[in-house]
1. Once you keep just the Cα pairs under 8 angstrom separated by 6 or more residues, what percentage relative contact order results for the chain?
2. Strictly over 20 Å apart at the Cα level, which of Lys251/Lys526; Lys236/Lys531; Lys293/Lys323 would you flag in this model?
3. Restricting to the chain, what percent of DSSP beta bridges are antiparallel, rounded to 5?
4. Using +1 at the Cβ of each Lys and Arg and -1 at the Cβ of each Asp and Glu in the chain, identify which of Asn255, Ser552, Val65 lies farthest towards the dipole's positive end.
5. Please state the relative contact order of segment 236-431 as a whole percent: Cα pairs under 8 Å, 6+ residues apart?
6. Antiparallel as a % of all DSSP beta bridges within segment 236-431, to the nearest 5?
7. Antiparallel as a % of all DSSP beta bridges within segment 350-492, to the nearest 5?
8. Report relative contact order for segment 354-460 in percent, whole number only (criteria: Cα-Cα under 8 Å, sequence separation at least 6).
Amino acid sequence: MPAQKLSGLPHITLENQWITRSWCIADGLATTDYRIRPRGRGLWLEAMHWHPWWDLDGMITADGVNLPVSRMVDPPELGMIRGAFSVKDIRQEKTDHAQQVEFVLSPAENLPLVEVSLHGKLLNHEPMLRTWLTVRNIGKKEYKITRLALEAVYPMRKEMEFMQTGFDTECFPGNDQRFPGVSIPRTVHLRKTLKPGETLESFSLLTAVCPTDYRWHVAARHDLVHAFAPHTCRPKILQQAEGWKDIDELKQSINEAAEVGVQVVLLFVAEGWSYGDLELSEILFPNGDTDVKALCDYAAGRDVQIGFYVGECIALPDCKLLKDHPDWQFLGIGGRRYDPGGIGNMCPSSGWGNHFRKKIDHLLDLGVKVLQTDGPPYGQVCHEKDHGHRSPETACLDNWAWEQQFNRDMLAKGIVVQTPAWPSRLFDGAGQIGGGYTEDDMSVLKGLDQITQFRSNLVAANDQLPPSCRWGFMSVGKMYGGARPSMVDDPENEPVRLEHALATHLGLGFTACLHGKHLFTGPQSKALVKKWIDFYNRYRSLLTCRTLTLRSPDMHGLDGVFHCNPKENPCGVAVIFNPSDREQTGTFIIPLEFAGWSPGRSAAVRRHGEGQSIPLALDDQGQALLEIRLPAEKVEWWEICFG
Ligand SMILES: [Zn+2]
């Protein structure tokens, strides 16, 4: 059956120039029409082939009973049950930014008393849609919710890109035997007890519509992150280090940061406070809170913020807290406790959760603005009976929810959180996650080879996430007190290496982490650090939008990326590296359609954004050829403007 509205029956529609979706609301809810237009004009395509008997919009399993959200017209011979809900209320909201609908659905007789809302939010000026469910217990007894599933998606439909928020969600292609080749995103391992009056929010399915081209899919993923986690468009240029011998040396780092435009100086690992006890460093803060507040004020006076590494769930064996509260640790099967490692041993559902939150709130009161953390390990079951979680298995979900709340609270306070978690965390408020590199790179390779290899990994990861929400790791000087080699040992005397390292971060769109007590050690290195921070700030609105690869890095030829923003002019900047030891030429195709080109528009380029603009010859697809000659070991950029 083709997608279409059912004639004579009432429908609610969300529509923009890329997406139209209608739900019939007679006798239950059902999507009856869902079409997309990948370029915002021309042909409408069916987003999916609508089957009237399919649980298309969602599914909830309560006390073992499957409750399809959609109305289902049941050919009884297929053994299908009727839709479980009727439409009780429809709430609609329209702003300049988005149109939103909530269908409130009541359960049919003799079914679990859970009220379900299906939410849809369509952005007015972007090809993006968010859908999610909320489930509310309206009965007098508890229900066990073991499945939340949202609309099926077709991996075969190459004009759509999907991301998800939430706990442990995965797509299982072909997981519905009736419709092979279909993915149904659903929460797996969900064991949630819903008490009377409680509400449970599902993950969100984030959908973008784009042309069938892998570069458009990259752009769509970058757009999805920036649209639904807009705080990731506001990253801070962050320097971190450890091993300051006293507060005066730390202030010196802050002064240097201020001189070149670094926005955050972060006290790395156990530099600011101890693991577990979360006691302030006596070396840096002999007068405790007073000293931290004074330091934050000192930094603020120079437009620099102070950040702390705060091991979210880590307490080392020799700390006082563990002697007082050994029972706050995760308890594994057979009475085993976990090694703190780099992830954590403390269960957030125990007293540790409140202890940590109180300490964090106090730290923020003193003026700290950025937090960097590891963990928590919410994949672990926990058998400790006195923690807040209901069972060993629900510990995973409860601890995940604890961290979700933590990230949301921090976002509401304007605090930036860096955490090595997975991408769904960004939509809960995490500011940055790891960037695609491995820290092992730092202790194996050296010199330009290392930096180039490192860059190739960062660039490759652009296919999944924009650089604005990830960090790299540029090490300068002595790393871990000299225990590891750095990218740049001696900045003043290694200008080529320093510039490539800086451009591999700031030129690629990474603001963090610039690691070292002193990013520069003389006038030449200071000028280089300032040059690339100035570059970042000048093109911030391009670097926090779409980033496409022009050529992947190797040691043999030129490589580069193109940052662009269709809402800006200058609309793009290409950053090109020559890591080799000879002059090289290269011809790059600059795809200006990603920068907002439309037929008839002209464009021009300026090297380093200075001097005379040179007109670019564009083909009928908005592609420009950029011919570049680059001396050995140079990095340069070209700014592109529409006429
Ligand atoms: Zn526990």
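Here, each number is a calculation from the coordinates, and none is a lab measurement. The structure displayed is predicted, hence computed values, not measured ones. Positions of Cβ are generated from backbone atoms using ideal geometry, with glycine treated the same way; all protein chains shown enter the neighbour counts.
1. Numbers: 1489 pairs, mean separation 52.4, N = 643.
Relative contact order for the chain comes out at 8 percent.
2. Numbers: Lys251/Lys526 17 Å; Lys236/Lys531 16 Å; Lys293/Lys323 30 Å.
Too far apart for the 20 Å limit: Lys293/Lys323.
3. On the way: 108 of 131 bridges.
Counting only bridges with both partners in the chain, antiparallel ones make up about 80 percent.
4. Most positive-ward Cα: Val65.
5. Numbers: 337 pairs, mean separation 34.2, N = 196.
Result for segment 236-431 is 17 percent.
6. Numbers: 3 of 17 bridges.
The answer is about 20 percent antiparallel.
7. On the way: 1 of 8 bridges.
Within segment 350-492, antiparallel bridges account for around 10 percent of the total.
8. With pairs under 8 Å counted, the relative contact order is 20 percent.
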